[in-house]
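Taking it in order: structure first as structure tokens, then the write-up.
The values are calculated or read from the model by the stated rules, or taken from the named source; none is laboratory data. Keep in mind that what you see is a predicted model, and the values were worked out from it rather than measured. Here the Cβ positions follow ideal geometry from the backbone for every residue, glycine too, while neighbour counts run over all protein chains shown. When the accessible area is computed, the model is the full protein with side chains, heavy atoms only, and any ligands, DNA or RNA have been set aside. Shrake-Rupley method; radii C 1.70, N 1.55, O 1.52, S 1.80 Å.
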Amino acid sequence: MGGSMSLFAGKGKPLVGLDIGAASIKLAELRDGSGGGYVLEAAAIEPLPPGAIVESAIKDAQLVGEAVRRVLDKAGTTTRRVAIGVSGNAVIIKTITLPEMSELDLEGQIAYEADQYVPYDIDELNLDFHVLGPSEHEEGHMDVLLAVCKKGLVEEYQQLLDSAGLDLVCVDCAVLAIQNMAELIGNAQRAGAGQAIALVDIGGALLHVNILVDGRTTFVRDHFIGGNDLTQAIQKETGMSFQQAEQLKLEDPAAIPAAAAERYHEQVAAEILRALDFYAANHSQPVSRMLLSGGAALQPNLIEALAMRLDIELDLLQPFPTIALPNDKGFDPIEVRRQGPRMIEALGLALRSGEQP
Ligand SMILES: Nc1ncnc2c1ncn2[C@@H]1O[C@H](COP(=O)(O)OP(=O)(O)OP(=O)(O)O)[C@@H](O)[C@H]1O
Ligand SMILES: [Mg+2]
């Protein structure tokens, strides 16, 4: 669905997906498999120090530039065409309902329409849309997914990637890249008719919620919470530095102070509930299932802690083995699978190469 959208796209392939987040850069590159489907061509994760990226915005171009070079090196790819994902305040995604019209007419009118829905100056935005189909609620109308991103943000990335010798060919909304990958993973994970499914990505600093009804985005929201909050809660309990607390969290999760874990789980559940409440105010289809991605979704016990508080079926979005692993690239299958849910956005961005005409 989010399928043909991008805020900015060039033609051709191959291409690498770069998910530049608050905590790490994830790289993924795919190639077509011989029997259909996709094979992982290259993948790597490179950590970023806190503060280098804040809400998609580049706060320390030198640090981020160096990390981009390292992640390419690590992945061992020679591909220089890149797709990135954006999120946070510079990005708005909305489903709007408009009178039915041709794609061409819509093209001419979308800026005018967007202007009514978006609190930014339209000249400062990159803009894209995707016709979802006839409106369920209004005869003779159609639902259109509108995505906008501030031009300034795209320009920042263009500069950053330029200086790393890369060619930015596609800018996508993070949540739509995640959705694309979730769709590829499959029908089995769709909700039944009249039911909604929530895609929830929990990263270092942000939690994205994207609620799909019949496979269509109907509600998107970002919340400012993520794995860094658990690290900080551990800091508070123990007096450790951020780095020490992060290390404890990742290497010895059983030693996380119970009070820190409890407080963090409570906060994450509260943010998700807030999103569900906003959604429920305007939509009747109940959210029956939640699929989690992002590094912080890997925290042991998180799923159980959320299931208890939300009373919803929860699962991790696992891209492997839908994406096949080659035998000749030296991937450690256990490690790749372990990081799978964290690679979802980068993989969704990498899927863009198959769509260019
Ligand atoms: N195995 C794990 N167990 C617990 N937490 C983990 C694990 N792996 C990663 N994390 C946490 O996930 C967070 C990073 O996730 P991710 O790389 O998806 O974030 P990001 O995409 O950089 O951030 P954002 O999406 O907020 O911009 C960090 O807080 C990190 O500590
Ligand atoms: Mg992320």
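The chymotrypsin sites (Phe, Trp or Tyr not before Pro) found in segment 211-305 that occupy coil by DSSP, while having at most 16 further C-beta atoms within 10 Å, are Phe224. Rounded if a/c is under 1.5, else prolate if a/b is larger than b/c, else oblate: which is segment 58-167, with a ≥ b ≥ c the root eigenvalues of its Cα gyration tensor? It is prolate, given that a/c is not under 1.5 and a/b is the larger ratio. Whole-Hz Karplus values for segment 107-119 come out as 3, x, 9, 5, 5, 4, 5, 4, 4, 6, 10, 10, x Hz, taken residue by residue from phi with 6.51 cos²θ - 1.76 cosθ + 1.60 and θ = phi - 60°; glycine and proline positions read x. Lys/Arg Cβ at +1, Asp/Glu Cβ at -1, dipole of the chain taken about the Cα centre: which of Ala275, Thr77, Gln195 is farthest positive-ward? Result: Thr77, furthest along the dipole toward the positive end.
For segment 187-317, the dipole from Cβ point charges (+1 on Lys and Arg, -1 on Asp and Glu) about the Cα centre works out to 320 debye, to the nearest 20. Take the alpha carbon gyration tensor of segment 286-357, find the square roots of its eigenvalues, order them as a ≥ b ≥ c, and report rounded if a/c is under 1.5; if not, report prolate when a/b exceeds b/c, else oblate. Since a/c reaches 1.5 but b/c is at least a/b, the shape of segment 286-357 is classed as oblate.
Taking every Cα-Cα distance in the chain and sorting them into 20 Å bins from zero, the calculated P(r) comes out as 30, 60, 10, 0 percent.
3J(HN,Hα) along segment 125-135, derived from phi through the Karplus expression 6.51 cos²θ - 1.76 cosθ + 1.60 where θ = phi - 60°, amounts to 10, 8, 9, 8, 8, 8, 6, 7, x, x, 6 Hz, with x in place of Gly and Pro.
Residues whose amide H falls under 5 Å from that of Glu313, counting only those 5 or more places apart or on a different chain, are Met290, with hydrogens built in the peptide plane. Taking every alpha-carbon pair within segment 187-317, the share separated by more than 23 Å comes to 32 percent.
Take segment 214-357 with all the other protein chains still there, run a 1.4 Å probe, and you get 49 Å² of accessible area per residue.
Dipole size in debye (nearest 20) for segment 240-328 around its Cα centre, Lys and Arg Cβ +1, Asp and Glu Cβ -1?
About 200 debye.
Backbone amide hydrogens, once placed in the peptide plane, bring Val16 within less than 5 Å of Arg81, Val82, Ala83, excluding anything fewer than 5 places away on its chain. Phi angles of segment 243-256 translate, via the Karplus equation with coefficients 6.51, -1.76, 1.60 and θ = phi - 60°, into HN-Hα couplings of 4, 5, 5, 4, 5, 4, 4, 7, 9, 9, x, 5, 8, 5 Hz per residue; Gly and Pro are given as x.
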